[in-house]
Amino acid sequence: MKNILIFLLTVFITTTIWAGEVKKLEPVKKDVKEIEKTSENLKLKVQPKVIAKEAKKGEVLVPEQKKLDDSSNKVGTEEEAKKEDPQVVEEKKYESKTFVLNSKKQTAKSLGTYYLKGNLALPENFKVEDVPNDGGGVIEITWEYHSKNNPEKFELLRKSSKEEKFSKIKDFDASFITYSYKDKTNKVWESYEYKVEAGSKSFIVIPSINKRKEAVASWKFPAKTLPKKFIISRRVIAKYKEAVKTKKDFKLIGSLESPKNVTYSFRNNSLNDDLSYEYKVRVKKDGLYAETKAKKVSSEAAWFDMKKLVMLLAGIFLVFAIVFFIRMARSGKELYIRRIAGLDAVDDAVGRATEMGREIMFVPGITDIDDPQTIAGLTILGRVAKLTAQYKTPLSVPVSRSMVMITGREIVKESYLSAGRPENFQDGMIYYLTDDQFGFAAGVDGIMVREKPATIFLQGAFYAESLILAETGHHIGAIQISGTAAPSQLPFFITACDYTLMGEELYAASAYLSREPQLLGSLRGQDAGKAMILLAITVGIILETASYIFDMPGLSIKEFFELK
């Protein structure tokens, strides 16, 4: 009986103590139920982490929170939460309750609206802008983030006016922060290595850029263990690209403080100027994410790209020079044009064929009429055809393109008409062989060997067949005048032919032979433009060399335009 009474007394005391503790923690349970009840409307499971502190009368315990200044920004969305299952909870207002936040009592009025468990700070100074003074199609996105918030990564999302959903276009690793130190006391003939000290840690950095008066050393450092500042030292490891025999001790040159905010930037290229784009940045950490409000912008091309100002000035000078010399030529003033031996020899070559009573062969290359070299070759053909019409010399023009054949017939017909011998023209003078490169070369070689022309003109675009044709012409003893703008074929023509028009001499032939004022003025104006370019290159070389020898950066043309 005594044991039964003791047992009942123990049960009574235990029950009383347990009931008191439950009543004591009632506010905490009540608040948790309210949060869970509200979150069920969004179908999001919320398990707020209760602060390990006993509630007092009139207080409600809530998870640690962070106030967001812009209520339009949000921590996740219901749709995205379902996909990625982050621990995101709804926005909730508390009207008349007192909160324990960061061990401090605050009223709902001072707290305003909060996101529960939203411990992610949003990016600051988020900007989406069209890049000015460009050709269009480029948008620049920038934002800042506090270096001590330690996010895992950023995601840049984009949506065009034709798209319904945002898609990720770029990831940014935020676990490491990149630092760059500009050393403006370096010498260009010396190479350095830099020692960076961050607290008890130190490491060696080789500069990624080493130009006069500026060497740039870059490194990455974990965002979670950022020091207040980095101590920078350096030493010389090479002079004039030769390694020094004995490396000296590192010499302190400066320091670099860790910035409060880290700036991120990205240029989105190849965009359609006719569409508008929306961008937003998502920051991720510990399974949570927060997004900025989307910003909308369109790219557009500027009327003028300031980076091409030098090209504009050069173009204006060239146009002015051409117009000036055309007016001079029309006024009757003699314009000096450098003599071209190959073109001076045209009359002699046609005369030789006439004396020998043999035909003249003209090959205007193997490319179609859309090639400038073919057009230049046909221009020379007009001059040759006019001479053959005057001297009644047979003319043979094999071609490898049908359009070249038709154009060539019209040019030769016009030349015979202007020479007063239209009755001597025949369509069979200009004839088609084949489009095949080496089939054409074989056909022309066969005609050379059978007909043995006294003079051969090879004017136009030639490739692997150039030496085959030139060697056969040399073998039969013909005078050969060649011309092409293909640098790889010039050595073969120079070796096997009597005269060769090199590069732009082929294009200048029409002005040289016709002596028309408009063509002569254009040719002379282009020569003036080339002279200006050569003068600029020469002056630039002299000033750049002097700036290095005398260590005077102000003389550098390159640095002058970089500053501009």
Notebook entry, point to check: Any idea how far apart Val449 and Asp368 come out in nm if each label point goes 7 Å out from Cα toward Cβ?
Noted result: 3.2 nm
Checklist line | In range of the label at Lys153: residues from region 168-210 whose backbone nitrogen is under 19 Å from the point 7 Å along Cα→Cβ | finding: 168-178
Checklist line | Distance between modelled label sites at Val319 and Phe304, nm, 7 Å Cα→Cβ extension | finding: 1.2 nm
Checklist line | Long pairs among Lys195/Lys220; Lys148/Lys168; Lys127/Lys229; Lys229/Lys251, criterion Cα-Cα beyond 19 Å | finding: Lys148/Lys168; Lys127/Lys229
Notebook entry, point to check: Relative to a virtual label point 7 Å from the Cα of Lys229 in the Cα→beta-carbon direction, which members of region 138-160 show backbone nitrogen distances below 19 Å?
Noted result: 147-148
Check: Quick one: ranking Lys386, Lys307, Lys220 by accessible area, 1.4 Å probe, largest first, what do you get?
Finding: Lys307, Lys220, Lys386
Checklist line | Sequence-distant residues sharing a close amide H with Glu214 (under 5 Å, placed H) | finding: Asn186
Checklist line | Mean Cβ neighbour count within 10 Å, used as a protection proxy, ranking 311-323, 272-284, 366-378, 338-350 highest first | finding: 366-378, 272-284, 338-350, 311-323
Note to self: Suppose the chain between Arg421 and Ala243 were pulled fully straight at 0.36 nm per residue; how much longer would it get relative to their current alpha carbon spacing?
What the structure shows: 56.2 nm
Next item on the list: Scan around Asn261 for amide H atoms under 5 Å from its own, H built in the peptide plane at 1.01 Å from N, and keep only partners 5 or more places away or cross-chain.
Entry: Ser147
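Normalising by the residue count of region 370-524, find the relative contact order in percent from Cα pairs under 8 Å and 6+ residues apart. Could you put the intermediate results ahead of the total?
Values: 211 pairs, mean separation 33.9, N = 155.
The value is 22 percent.
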Notebook entry, point to check: How big is region 293-398 by the Kirkwood estimate over distinct Cα pairs, in Å?
Noted result: 19.0 Å
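The values are calculated or read from the model by the stated rules, or taken from the named source; none is laboratory data. What you see is a predicted model; the values in this text were computed from it and never measured. Methodologically, a virtual Cβ is constructed for each residue, glycine included, from the backbone with ideal geometry; neighbour enumeration extends over all protein chains shown. What goes into the accessible areas is simple: the full protein's heavy atoms, side chains included, and nothing from ligands, DNA or RNA. Shrake-Rupley method; radii C 1.70, N 1.55, O 1.52, S 1.80 Å.
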